[in-house]
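The values are calculated or read from the model by the stated rules, or taken from the named source; none is laboratory data. Since we're looking at a predicted model, the values are computed, not measured. Because the Cβ atoms are built from the backbone with ideal geometry, glycine has one as well, and the counts that use them run over all protein chains shown. In case anyone asks, the SASA skips ligands and DNA or RNA and just uses the protein heavy atoms, side chains included. Shrake-Rupley method; radii C 1.70, N 1.55, O 1.52, S 1.80 Å.
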Amino acid sequence: MLGPINFITRHLINSLAGFAAFVVSVVNISGAAMILSLPLTIGAYYLSNKITLAVQKSSQRKKIGLSKSEYHLIEAQLKQAKAHAQTLTQQIVRVRSVRSFKQINEMSKLTKRIINIVQTNPQKFYAVEDFFYAHLPSAVQLSDKYTLLTKEQVTGNEIHLALEDTRKTLKELHVTMEEDLKNALASDIENLKIELDFAKMSNEKRKERLKVGGE
């Protein structure tokens with residue numbers, strides 16, 4: 001859940017720590033023991049990375065008001081969701097109908113948008129918990145089932161009914177995931193409305209002052 005700035009900062013610090021360890025080892029170690037310079041440099045980089053990453057995560061969770069357990073939970077759910085998103089994307093090229101291709105493609109896009117929103121603002125996870133725990137896993141399972149059935153060179157009423165039922169359920173899930181996206185954006189939309197109302201009120205007051213001044 002850390003951004004690119006954190007990544008760049010962390011690895012810059014790690015590089016400096018590794019370089020410092022290398023210089024110290026070269027200055028203080030001579031002869032055959034010089035071979036230890038490389039593992040010492042790598043060890044310093046690794047240790048610095050662990051410490052800096054822990055500090056960055058602690059700083060971020062305090063900033064956004066999450067406990068350590070909440071932060072780790074959301075982090076784990078995002079990791080799982082990204083794996084599901086990758087699987088869903090792979091299903092796109094496996095479907096054989098244009099309609100199903102479009103549907104799974106749209107679901108894949110919705111999934112990535114919701115993940116990115118929660119990645120940026122972890123507190124939004126609680127507005128879309130069902131997406132992570134139920135809706136996305138179900139979408140992946142059903143799309144996998146659907147692509148498997150369409151690959152089977154078997155005709156018959158039973159297969160046809162199973163495919164239709166899966167298509168119908170995927171369509172319902174698509175609608176549900178659209179609602180998940182709306183829920184993820186709800187607070188942003190509300191904040192935008194408040195800002196617009198405030199801007200309108202300020203504008204009206206400015207017009208009134210100009211009107212009074214003109215009289």
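Figure note: L88, L73 ranked by solvent-accessible area, largest first, 1.4 Å probe, ligands and nucleic acids not counted: L73, L88.
If eta is 0.890 mPa s and T is 25 °C, what Stokes-Einstein diffusion coefficient results for the stretch 1-137, Kirkwood Rh from Cα pairs, in µm²/s? Answer from the Stokes-Einstein relation: 136 µm²/s. You can think of it this way: the chain between M201 and T169 has 6.9 nm of extra reach, that is 0.36 nm per residue less the Cα-Cα gap. Taking the inverse of the mean reciprocal distance over all distinct Cα pairs, the Kirkwood hydrodynamic radius of the stretch 105-144 comes to 10.5 Å. Between V24 and K151, the distance separating the two model label sites (each 7 Å from Cα on the Cα→Cβ line) works out to 5.5 nm.
As a quick test, which of the pairs K63/K182; K62/K109; K82/K168; K109/K168; K79/K151; K112/K168 have an alpha carbon distance above 28 angstrom in this structure? All intermediate terms of the calculation are to be shown ahead of the outcome.
Values: K63/K182 25 Å; K62/K109 31 Å; K82/K168 25 Å; K109/K168 19 Å; K79/K151 30 Å; K112/K168 22 Å.
The answer is K62/K109; K79/K151.
Comparing V26, I104, L66 along the charge dipole axis of the stretch 1-142, the residue lying farthest to the positive side is I104, per the Cβ-charge model.
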